[in-house]
Structure formats: structure tokens, C-alpha cells
Amino acid sequence: MTYLAVPISARNAAQAAEQVRRAVAGGAEMLELRMDYLEGITVDLAGEVVRQTRALAGTAMPLIVTCRDTREGGAIDYPESLRIEVLTMALREGAEFVDVEFANSRKSAFRRRIEPALTAAPKGRLILSAHDFARPFDDLRGLYREIVQGFPAAVPKLVYAAGHINDCFQAFDLLHKADRDCIVLCMGQAGLISRVLTKKLGGLVTFASLDEASGTAPGQVTLDAFKRLYHCDSIDRQTDLFGVIADPVGHSLSPAIHNACLADRKINGVYLPLLVQGGREELFAFLDHVLARPWLDFRGFSVTIPHKHSALDYVRQKGGFIEPLAEQIGAANTLVLDSRATSDGRRLGAYNSDYAGALDAIADGMGIPREGFRDMPVAVVGAGGVARAIVAGLTDAGAKVTIYNRTIERAEQLAADFGCAWSDLEGLSHLHARLLVNCTSIGMYPKVDATPVPPESLKPGMAVFDTVYNPAETLLLKHAKAAGARTIDGLAMFVNQALAQFHLFTGQSANPALMRNVVLDSLRSLVDRDK
């Protein structure tokens, strides 16, 4: 079993009691009492907190007691002798685990006091932990072996900062091959997936913070997110994995809608935010890591800024299937991995669901059939992956498209590919178009006070479509509404393309009403959080 543990990082006993109540009510499966956060700690105070926690959480709730050295993330610099006394007291009080820094465990004072206390507490177990808050360990597997050989009965706990998502794979390898209980986690936003995947890979414990402000390590996922967003109670070794590849990725609502739809269709899967920083080389390395580890059970990826072109190149390089439409557009927003399709156990496919999702959203928003785009003057702002998909769709429908972009060369190249006109952004000041489409990320949360188009360029009778969906009403759409233009938000396109992706990933149809409601609820939560 993998325990979902909540650290109790209180300054006093009363605050600890409140945090314990919240953790138990939220569904914690284990509690970690971080005694190094208690102000003015004494052995008596620590004992009071342990007994109080037992009374509130019940005897079935396992406890880890930690009094962390500041050199490995401790909150208050308490003397070594006091920290040892707190841990031995915890074992006498029946704590299931005590956590000792591996570096300190080799000191004679620790061994002289902790080992007899463990012998006298047969239900108590020792966690030996090592942390690097700056970078991955030089030799993760070697450190694991050193702990196991020196203390065969201990639980190794190895936690390091992931500078890039690709740093996580050595942690996955260790968990996959481990022959005993162990804890291996990566810190930071790039390491978030390691905290969720611990349940799939069989780690003994993963840690969740009570809220975003009370984490005890960088990148901890909140208890609410573990339970409600990632549905961690249903994750097991057979869980299929999906995710959105992006940089940045923290704003993405894709995990919320896809996880809701996976649960709705009773599919054993979890959809993750995958922060893949860098460019082509880093994306290729990430996908290579995934393909080299079929036991991770990744089945599909949504792909967005800035990786849509490179994702298509990767599939082409690997000889995978490329949907003709994605080839025509020159960008992929969906990758599918199918382990059943080929003799070598992998099938990689690239698709683009932006095309149909955007055209259907625009046509519905303007109240016209697709045939109504013929000869329509259209201004498209941007020349990236979304722009390519929308330009391909509009030109195929017969629209007269002009591409506006900050980088002239990119606008000119995209225009040449689809037989369009092009201009720099200055051309927006004398805009004559029936439809304007923003394909940039300008105005996206959290930079909601920006707009890609001067307000004076917007005219009555014009339709303005913003592919940004977070927020639903961008500053561009507010300006357009004030000018008397028809506005079309990015939610319809987002939901349309996500529905197509879900079908590609799972072979099943998702509920569009559920998707839209989840997006709207998530956007409202973001607004409430920022107030």
C-alpha cells in the first residue's frame, strides 16, 4: 500500500490539533508530525502533540515523527541531542515510523539512542532520509544501496530537486525495481508527477500539503488536488497515464477536464500536467524516456505551447503514424501511444484536433455553416501551432486570410504555406476584416491585462474569436464587446479539441457538458483564489 501522508507543520499544540482535524477530514492516510516546526519544543510538548494526534486521528492512523535537521530542510535549528530525545519519545508513544537523516544516522550518538528505542518498540520502523534541495543526487542508486546495506530494516527515503522533468525518470526506475519499502520523490514543479505516480509505482509514502501555503517541501501537491483532481484513491499499478506537455503548464485546465471524464467513464487512468521546459532537444529526450519505459503505461499526450511542431517532428523521426491533417498543418496537438498495435509493443501517432475544434467553435459563434467562410476576410494574429491549424481550416473553407505576427519571417512562411496574405502587427491599425482570430497566448492567465490587438482596430459587425480560454473573457473580448463586435470565447474550441483527444486516447466519447462545466468551475476557482 502507498500511504498519502499529510505533514503537520504547526507552531504549537493548538495549531497542530487544527491541522490534524483538517487532514483527517480531507482523507489523509498517514500523518507526519514535523516536530521541528514547533516553537520552544520540549520532549513533554512533543509527547503531548503525539498523544493529542492519536486521540484526534484514531489509533489506526499511522504516524511518522520527524524532527528534521536544518541542513536537510528543518524549520527550526534545534540541538541534536533534543532531536534524538524527541524521536525516542515518539517510539515509546507508539509512533509507527521515525525519520532520521541518513547522514546523521551514522553518528554514534544517534545509533546509541535510536537503535535501542527501535528494539524496544517492535512496531516502530526507521526511515532513513536524504535530501538535496538543489539538484539530483550524483548517484541515486548508489545512495539507495548504501542505506540498504548499512540498515537492511530501514525504509530508504530519497528526495531531490528536479531541475527538469527528465530528472524524474531515475526516481521512477528506482521505484520500479525496488525490492523493499522505499520513498523516492522529486521536488519542484518539474517533479510534481513523481508525487502522483508514487501510488502507481508502489512507493511507501507520498506527501500532500493541507493547502498551497503549508507545504513542507517544494512542489507538494495539496490534499484536495490529490483527492479531487487526480483521484488518487483509484490509482494502482494498472493505471494508464495521460498528460499535457507544455511550458508553462500550471495554468492548464486539461488535467481537470480529462480526469473528470476518465472518472465519469470509469476508466482506470490519470491525466497529469507535464512541464517540459526547453525546446526540441528536451522534448525529444522526454519522449525517449517514456518510450523506453513501457511499464509507465503512458497512453497519450495533449501537446501545446511551445512543442506542437517538435512533437510532429518526433513522430516523423520515429516512423510513427501521422494523420494527414496534422502533416498538412505541420503541427500536432495530440500524441497517442498504443502498446497493442505493433510487434515491438509500441505505436506512436500524431494528430491535430485544433482544426475542427476551432472551425466548429467559430461557425457556431457566428451562426453560419462552414460554407459561410468562403471569401470572408479574416485576420489571424499569431503564427504558431494553433495559428497553423486555424489558417489551414479557414483557407480550406475558402476564407481570405491575412496573417499578422510580430516576427515577419514566421508570418511570411505561414502565409506562403497556405496561400495567404501577411503583415506585421502594425497592420492591425488599419484592419478590414469580418473575423479576427487571436492565436497567441497574449491575455492568458495570469497576464490578463494584455491584449494582442489595439482596441481601436475593433469595429461593430466584426466577429472576434480568442483561442485563449483562461480567462473565458479576455481583455481582447472585453474590448471587442465594447466596440459592438460579436465575441467568441476559447472555451468552445478548447472543449471541442479535448473531446477529440479523449476519443483518441481512450476510444470512448467524453461528456461535453461535463467538460464545459468543469472548465467553468475551474475558472471560477482561479478568480476566487486571486481575490
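The values are calculated or read from the model by the stated rules, or taken from the named source; none is laboratory data. Fair warning: this is a prediction, and the values are worked out from it, not measured in the lab. With ideal geometry, Cβ positions are generated from the backbone for all residues, glycine too; neighbour counts draw on all protein chains shown. Note: accessible area is taken over every heavy atom of the protein model, side chains too, but ligands, DNA and RNA are not part of it. Shrake-Rupley method; radii C 1.70, N 1.55, O 1.52, S 1.80 Å.
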Checklist entry - When ALA498 is evaluated against the numbered criteria (1) open to solvent by less than 70 Å² (accessible area, probe 1.4 Å); (2) at pLDDT below 95; (3) of a type in the set (A, V, I, L, M, F, W, C), which criterion, by number, is the only one it fails? => result (2)
Checklist entry - Of the conditions (1) closer than 17 Å to LEU31 by Cα; (2) open to solvent by 50 Å² or more (accessible area, probe 1.4 Å), ARG113 fails just one. Which one is it? => result (1)
Checklist entry - Going through region 408-420 one residue at a time, which ones are among the small types (Gly, Ala, Ser), surrounded by fewer than 18 Cβ atoms within 10 Å (Cβ to Cβ) and in contact (Cβ under 8 Å) with a residue 12 or more places away in the chain? => result GLY419
Item to check | The one condition in (1) surrounded by fewer than 18 Cβ atoms within 10 Å (Cβ to Cβ); (2) within 22 Å of LEU229 (Cβ to Cβ) that GLY484 fails to fulfil | outcome: (2)
Checklist entry - Can you pull out the residues in region 256-272 that are open to solvent by 20 Å² or more (accessible area, probe 1.4 Å) and either of a type in the set (Asp, Glu) or not in a loop (DSSP other than H, G, I, E, B) (or both)? => result ALA256, ALA260, ALA263, ASP264
Next on the checklist: Quick check on region 73-94. Is at least one of its residues open to solvent by 10 Å² or more (accessible area, probe 1.4 Å), at positive phi and either part of a helix (DSSP H, G or I) or without any contact (Cβ under 8 Å) to a residue 60 or more places away in the chain (or both)?
Outcome noted: yes
Next on the checklist: If the requirement is being open to solvent by less than 10 Å² (accessible area, probe 1.4 Å), within 28 Å of ASP240 (Cβ to Cβ) and aliphatic (A, V, I, L, M), which of these qualifies: MET515, MET462?
Outcome noted: MET515
Next on the checklist: Take the conditions open to solvent by 50 Å² or more (accessible area, probe 1.4 Å) and among the basic types (Lys, Arg) and apply them to ARG299. Does it pass?
Outcome noted: no
Checklist outcome for this item: Scanning region 421-440 residue by residue, those under 15 Å from VAL391 (Cβ atoms) and free of Cβ contacts under 8 Å to residues at least 40 places away in the same chain turn out to be ALA421, TRP422, SER423
Next on the checklist: Being surrounded by fewer than 20 Cβ atoms within 10 Å (Cβ to Cβ) and either in a strand (DSSP E or B) or polar (S, T, N, Q) (or both) is the filter here; which residues of region 20-50 pass it?
Outcome noted: THR42
Checklist outcome for this item: Of those in region 1-16 that are at pLDDT 95 or above and open to solvent by 10 Å² or more (accessible area, probe 1.4 Å), the residue nearest to GLU212 (Cα to Cα) is SER9
Next on the checklist: Considering only residues that are in contact (Cβ under 8 Å) with a residue 12 or more places away in the chain and not in a strand (DSSP E or B), which ones fall in region 114-135?
Outcome noted: ILE114, ALA117, LEU118, ALA120, ALA121, LYS123, GLY124, PHE133, ALA134, ARG135
Next on the checklist: Condition first: in contact with a strand residue (DSSP E or B) (Cβ under 8 Å, 6 or more places away or on another chain), open to solvent by 30 Å² or more (accessible area, probe 1.4 Å) and part of a helix (DSSP H, G or I). Now tell me which residues in region 159-196 satisfy that.
Outcome noted: ASP167, GLN189, LEU192
Checklist entry - So, of the residues in region 30-44 that are in contact with a helix residue (DSSP H, G or I) (Cβ under 7 Å, 6 or more places away or on another chain) and free of Cβ contacts under 8 Å to residues at least 40 places away in the same chain, which turns out to be nearest to ARG125 (Cα to Cα)? => result LEU31
Checklist entry - In region 413-445, what count of residues is obtained for those that are part of a helix (DSSP H, G or I), under 20 Å from VAL468 (Cα atoms) and touching a helix residue (DSSP H, G or I) at 6+ places or on another chain (Cβ under 6 Å)? => result 1
Item to check | Pair list, Cβ under 8 Å, 6 or more apart: region 1-20 residue aliphatic (A, V, I, L, M), other residue open to solvent by 10 Å² or more (accessible area, probe 1.4 Å) and at pLDDT below 95 | outcome: none
Next on the checklist: It is to be established whether one or more residues within region 462-474 are of a type in the set (Ser, Thr, Tyr), part of a loop (DSSP other than H, G, I, E, B) and at pLDDT below 95.
Outcome noted: yes
Checklist outcome for this item: Within region 206-239, residues in a loop (DSSP other than H, G, I, E, B), open to solvent by 30 Å² or more (accessible area, probe 1.4 Å) and among the hydrophobic types (A, V, I, L, M, F, W, C) come out as ALA213
